[in-house]
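Here's the structure, in C-alpha cells; my notes come after.
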Amino acid sequence: MNIVGDSEHFKQPFDHDDDYVSRADIKREIAVYQELGKQLVALSKSQLKKLELDELLHDNILKAKTIRINSEAHRRQLHYVGKLMRNVDIEEVQAKLKNVLNQNRNESSKLNVAEKHKDQLLSGGDDAIQALLEQYPNLERQKLRQLVRQANKELSKQPEQASKSATELVKYLRAETAE
C-alpha cells in the first residue's frame, strides 16, 4: 500500500541541483536591474557622462528620457534598459552612481559654504574680509574688496533683485576655496 504524500512521488529534478535558480530569484534579480535602470534614467546628461557606461546602454537611457513618463512606451523602454543592465557589472555601476551622487552633494555643500561666506562678507565689511583671508590666504584682498563693494552698491540700489557682483563673488569664493 502506497501512502499519499510519499516522498518518492514528490521528488523534483532540481531538489539536489546546486546550480538551480528559481524563477522567483530570477525575477528578483531582474527587478534590481530595472530599479538601477530607473535611477540611471533619473540622472542628468552630465551625470550620465561621468558614469562612463557602454554606448548602447547610454543611448537607450537617453532615449528613455525623451519618452513621456506615464506611457506604455516609457515602461517598455525601462524594461529594455533593465535588460541591457544584465550585461553590465552591476556593482561597478552602483559604485560609480554612488560617487556621482555624492559628488553632487559635495558640490551643493561647497556652494552653501560659498553663500555663507558671501553673506558674512556683505554684512561684515573689512573685518569679515580679513577673517576670510586668514582662513584662505590664497584669496586676493583687492578682488574681494572690489566684489563686496560692488555687490553692496547693487543691493542698496535694488535690494529685491539678485546682484550680479554677489553672484560673481560666490563663484570666486567657490573656485578659490575648493581645496
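Readers should treat all values here as calculations from the given coordinates under stated rules, not as data from a laboratory. As the structure is a computational prediction, the values presented were derived from the model and not from experiment. Note that each Cβ is placed from the backbone with ideal geometry, even for glycine, and that neighbours are counted across all protein chains shown.
See the values below:
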read-out: Reported label for calculated Cα Rg over 2.2 N^0.38 Å given [x] 1.67; [y] 1.61; [z] 1.80; value: [z]
read-out: Hz values of 3J(HN,Hα) by residue in region 64-79 - Karplus curve (6.51, -1.76, 1.60), Gly and Pro given as x; value: 5, 5, 7, 7, 4, 5, 8, 10, 5, 5, 5, 4, 5, 5, 5, 5
read-out: Mean residue ellipticity (222 nm) of the chain, computed from DSSP H runs ≥ 4 via -39,500 (n - 2.57), nearest 500; value: -23500 deg cm²/dmol
read-out: Expected-Rg normalisation [2.2 N^0.38 Å, Cα atoms] applied to region 117-179; value: 1.05
read-out: Partner aspartates and glutamates for Lys164 [C-alpha distance under 12 Å; skip if fewer than 8 residues away on the same chain]; value: Glu154
read-out: Potential extension, Tyr80-Thr167 segment - 0.36 nm per residue separation minus Cα distance; value: 27.0 nm
read-out: Charge context of Glu115, other residues only, Cβ under 12 angstrom, K/R +1, D/E -1; value: +4
read-out: Entries of Lys63/Lys171; Lys27/Lys96; Lys49/Lys98; Lys50/Lys118; Lys63/Lys83 with Cα pairs more than 26 Å apart; value: Lys63/Lys171; Lys50/Lys118
read-out: Listed peptides 111-123, 87-99, 54-66 by packing density, highest first (mean Cβ within 10 Å); value: 111-123, 54-66, 87-99
read-out: HN-Hα J in Hz across region 131-145 - Karplus 6.51, -1.76, 1.60, θ = phi - 60°, x for Gly and Pro; value: 5, 5, 5, 5, 6, 10, x, 7, 6, 9, 4, 4, 5, 4, 4
